[in-house]
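These notes are about the structure you will find just below.
The values are calculated or read from the model by the stated rules, or taken from the named source; none is laboratory data. From a predicted model like this one, the values you see are computed outputs, not experimental measurements. Because the Cβ atoms are built from the backbone with ideal geometry, glycine has one as well, and the counts that use them run over all protein chains shown.
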Amino acid sequence: MTYAREGRPLSGSSRAQQGLKARFPAFIVLACAVLFVARPATATVSYQIHLDHPEQHLFRVEMRIPQAAPGTIVSLPAWNALYQIRDFSYRVREVRAVAALPDSTPVELRKIDKQSWQIQCVSGTSLPATSDVAIVYSVEWNDAGPFGSQLNAHHAFINLAEILMYVPGRRNDDTRVEFVQIPDGWKVVTELTPAGIKNDESAFVAPSYDELVDAPVEAGKLDEFDFDEGGAHFRVVVDGKGWARGWLGDHIKRVVRYELQLMEGAPFREYTFLFHIGPYAEVGGGGMEHANSTAIASATEDGLVAIAAHEFFHAWNVKRIRPQSLEPIDYTKEQYTRALWFAEGVTSIYASYALERSGTWDKQQFYEDLAMQIELLAARPARKWQSVEESSLDAWFEKYEDYNNPERSISYYDKGQILGVMLDLAIRDATDNHKSLDDVLRRMNDEYAKRGKFYNDTAGVQSAVEEVAGRSFEDFFQHYVSGTDEIPYDRFLGAAGLELKLQRVKSADIGFYPNQPLGSDVVASAVEPGSAAEGAGLQAGDTVIQMNGREVPGRRGAWTPDVSLGETVKLRVKRNGKELDIVYQAGTREEQTATIVESPHATDRQRRILKGLLRGTTD
């Protein structure tokens, strides 16, 4: 459930704190008073998150663990939101503990690895097995969402797994989180259940740690609107200015209405869109899915809607229709899956379907989007040796700049989206347009999501496809999913009377590959030997700050160089802390462009299949 409240000062336990200030530091005293004096031990692991130091970007956290025996371990996840080990614990400072004994005695903590601490004893004596222990610490974050967390004078955005510790053996305990010392005028929005305490609208509960941290939190001076659709309630919360409520509301409703209809109803009662239009959006954008909400950043309203179409479909595909390899979540290390091509790539094609089938796009935009994915895949030589399953497994390498070079890897997003359309067309062709990929998703929703079960990665997808189509799809999965055979586009597109037109065109060659891993600046990699860029002194690893006087967006800006044939390239780069100017003449290279067109000689059967593809229908 979503809740918003106005900021107010912390209250309620000040008198209890007065008597302890003489013996303990102020931060520890606050933990003792709030966590131990006022409340008895319960079976709920609870947290207080203090927002009183936005200028320092410091979240102060108090974690209360009931009945914490000696040897109890607390940890902070090593990853969340991205398939990257990001070691959130390096941001943690001043970790302390106190026990709920008569004197709220300090507890000895022993760090046992980079992200874990073990409760030892109280002042050299054994800790009673029934003691409640408070872990008190600060964690610094100033990385804009949706993949990071941020606390500053403007707002707070929180992915809770990035700041809240957990007890590994007690992740299924009830949890409670309360936000305190909220700046005046701020609202707190999260898709968690209000704790229901009278006159306290800042506390929320969840039945487990996993469910608690699967709900991002936005706090600030926010705009919002809500609507009902398909028996569910939706809330749209916007942090930013310069957006048109009517336009945004209309297009979000179109996407929501279509995807609810496609999947035959909502798997939730409420859902929240957290939209950012502002500082983070100026350097790119992106979205992060959660079970009952999503956080999205974009510089434009069109971008918000396009990303929302993808992230909202994740409410089914990946959050509920989920590969077994991602369950249960392991917060301590990489968690490998071969199914990201389906979980992410096929979700991308359903975003395109939703935009086209809801009338937000016309069919030409749909064709152009698919053709662009084909161009992107064709431009990556690594497609000849890295399968889309291997790309899924290697997602954990994406934080390394060289991994993203075209010669080194392909994208499970791009190829997964292409394979989704080809698979849809193959199913329609095999069943004379009586079945489609839509039926596969609905079948997996019934078979797995609604039963709390998980599918067996690619094998589970293949099984569902074969059950729907009524024939073997072994060749498709062997050659294009597990294998690296070139996709025969004409064969698949031809089933719908579509044709792929390829053309070689000359374009400017800047002499390097602009690599930008998630959450990073643009770095020059794969500098071409013998190129003018190399001759001018550009080195692999240089951070590109400007090109031809224009700023290059950092922090995942999805930057594409805009250089004309024969144009002079003027780069400002940073190397070893120093800024350098590099000037050279752009070279020339040939690129392959793709266009998808409808055949003027399509048969009635081909037209029926194309109509079904574009409208999301079957015969």
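On the stretch given as the range 234-264, residues that are surrounded by 12 or more Cβ atoms within 10 Å (Cβ to Cβ) and free of Cβ contacts under 8 Å to residues at least 40 places away in the same chain total 9. Screening residue 266 against (1) assigned to a loop (DSSP other than H, G, I, E, B); (2) within 16 Å of the chain's Cα centre (by Cα) leaves a single unmet condition, (2). Within the range 276-289, not a single residue is over 24 Å from residue 398 (Cα atoms), surrounded by 20 or more Cβ atoms within 10 Å (Cβ to Cβ), small (Gly, Ala, Ser) and in the same structural domain as residue 233 (by TED's automatic domain parsing). In a residue-by-residue description of the range 566-579, the property of being within 30 Å of residue 421 (Cβ to Cβ) and surrounded by fewer than 14 Cβ atoms within 10 Å (Cβ to Cβ) applies to no position.
Of the candidates 567, 579, 591, the single residue that is modelled with pLDDT under 95, in contact with a Ser or Thr (Cβ under 8 Å, 6 or more places away or on another chain) and not assigned by TED's automatic domain parsing to the domain that holds residue 371 is 591.
Filtering the range 349-368 to residues that are closer than 23 Å to residue 502 by Cα and crowded, with 24+ Cβ neighbours inside 10 Å leaves only 349.
Residues in the range 153-179 that are part of a loop (DSSP other than H, G, I, E, B) and either modelled with pLDDT under 95 or more than 23 Å from residue 240 (Cα to Cα) (or both): 153, 154, 163, 164, 165, 167, 171, 172, 173. Does residue 60 meet the test of being crowded, with 19+ Cβ neighbours inside 10 Å and in the same structural domain as residue 176 (by TED's automatic domain parsing)? It is true that residue 60 is crowded, with 19+ Cβ neighbours inside 10 Å and in the same structural domain as residue 176 (by TED's automatic domain parsing). In this structure, residue 321 does not satisfy being out of contact with any Leu (no Cβ under 8 Å at 6 or more places or on another chain) and not hydroxyl-bearing (Ser, Thr, Tyr). All of 563, 583, 552 fail the test of being of a type outside the set (Ser, Thr, Tyr) and loosely packed, with under 14 Cβ neighbours inside 10 Å, apart from 583. Each residue in the range 602-618 was checked for being touching a residue at least 40 places away in the same chain (Cβ under 8 Å) and surrounded by fewer than 13 Cβ atoms within 10 Å (Cβ to Cβ), and 2 of them qualify.
Among the residues of the range 508-537, the ones that are surrounded by 15 or more Cβ atoms within 10 Å (Cβ to Cβ), at pLDDT 85 or above and either over 30 Å from residue 146 (Cα atoms) or among the charged types (D, E, K, R) (or both) come to 12 in all.
Considering 511, 541, the condition of being in contact (Cβ under 8 Å) with a residue 60 or more places away in the chain, touching a Phe, Trp or Tyr at 6+ places or on another chain (Cβ under 9 Å) and at positive phi is satisfied by 511 alone. Can you tell me which residue within the range 152-168, out of those that are of a type in the set (Val, Ile, Thr) and buried (at least 24 other Cβ atoms within 10 Å of the Cβ), is nearest to residue 44 (Cα to Cα)? Of everything passing the filter in the range 152-168, 163 is nearest to residue 44 (Cα to Cα).
Criterion first (in contact with a helix residue (DSSP H, G or I) (Cβ under 8 Å, 6 or more places away or on another chain), of a type in the set (Phe, Trp, Tyr) and modelled with pLDDT of 95 or more) does residue 312 satisfy it?
yes
The single condition among (1) free of Cβ contacts under 8 Å to residues at least 40 places away in the same chain; (2) assigned to a helix (DSSP H, G or I) that residue 351 does not meet is (1).
Of the residues in the range 473-485, not one is among the small types (Gly, Ala, Ser) and modelled with pLDDT under 95. All of 308, 371 fail the test of being over 15 Å from the mean Cα position of the chain (by Cα), of a type outside the set (Phe, Trp, Tyr) and part of a helix (DSSP H, G or I), apart from 371.
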